[in-house]
Amino acid sequence: MASAPLVAEPRSWPHYPSRVGTFCLVELQKLSHDRTEAITRAVQPVLWLVIFGETFNRLHAIPTGNVSYLEFLVPGILAQSSMFVAIFYGIQIIWERDAGVLTKLLVTPTPRSALIIGKAFSAGIRAMIQVVVVLAVATLLGVSLHLGPLDILGCLVAVLMGSAFFSCLSMTIAGLVLRRERLMGIGQMITMPLFFASNALYPISVMPGWLKVLALVNPLSYEVDALRGLLLDTHRHLLLDFGVLGVAVAAGIVVASSLVGRLAR
């Protein structure tokens, strides 16, 4: 059975953005059918801030420089909660395969990359709900953050890019394992290592050498660093952070697009 091309033909490029937007809109419409999802996903970041953050803020056990631990933690929880939204996104594409939807999409002239990009960035838009929740809770806890319009816009872009990468990672795994049960197991296996092997909970400087190496190749670390730079007004590595995220997203889209056809075989 013929499948959609990975790279769009020249005549399809004028319609490419609209096709990406259509796939993204379809994904977001699913959210309206289960409005409790936004509420249930907000519970975990709130618990991290209120329980873990408040406790370690009193202990002063982790060196965070001139900022309180709660201020240091908020960007990490933003990145973590958005990753948890995106990392199981591949389950949806397997479900679409089982329902026969994916096969119909892949035989249309629409490039596979448009499908992947639409799904990836819809995951990012869903994760933006987490941004609102975490920033609201942080404000209620009295955390001092820089929330200017450009800072908030930058945070939304960082979360969008980070979620897009992790959803592409999830869809890549889906293209390899082909089964929801296996994807769930692998997703649960890698989420906490990705989280703990980053700078979300503690600075990279306090890590042992082997963990520093893992943190420096972990895209989550660069998402956290970008959010921290924006919300704490340091802006030290923003070009590097967004550059790494951009490369990671592009690579994730290419790899996921090349593997999605395996699901329809």
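Bear in mind that the values in this text are calculations on the coordinates, not laboratory data. Model, not experiment: these values are computed from the prediction. Positions of Cβ are generated from backbone atoms using ideal geometry, with glycine treated the same way; all protein chains shown enter the neighbour counts.
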Where the only charges are on Cβ atoms (+1 Lys, Arg; -1 Asp, Glu), what is the dipole of the stretch 14-264 about its Cα centre, to the nearest 20 debye? 700 debye
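Counting alpha carbon pairs within less than 8 Å and at least 6 residues apart, what relative contact order, in whole percent, applies to the chain? Don't skip to the answer; put the middle values down first.
Details: 367 pairs, mean separation 74.1, N = 265.
Value for the chain: 28 percent.
When 24, 155, 168 are ordered from fewest to most other Cβ atoms inside 10 Å of their Cβ, what list results?
On the way: 24 20, 155 23, 168 28.
Exposure proxy ranking, most exposed first: 24, 155, 168.
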Using a Förster radius of 25 Å, what is the FRET efficiency between residue 235 and residue 147 based on their Cβ-Cβ separation? Nearest 0.05, please. 0.95
Can you work out the Karplus-derived ³J(HN,Hα) for every residue in the stretch 117-132? Use 6.51 cos²θ - 1.76 cosθ + 1.60 with θ = phi - 60°, whole Hz, and x for glycine or proline. 4, x, 5, 4, 7, 5, 4, x, 5, 4, 5, 5, 4, 5, 4, 4
Could you state the angle between the C-alpha long axis of helix 36-47 and the longest principal axis of the C-alpha atoms of the chain, as a value from 0 to 90 degrees rounded to the nearest 10? 30 degrees
When the helix-only estimate is applied to the chain (DSSP H runs of n ≥ 4, each -39,500 (n - 2.57), divided by the residue count), what is the mean residue ellipticity at 222 nm, nearest 500 deg cm²/dmol? -23000 deg cm²/dmol
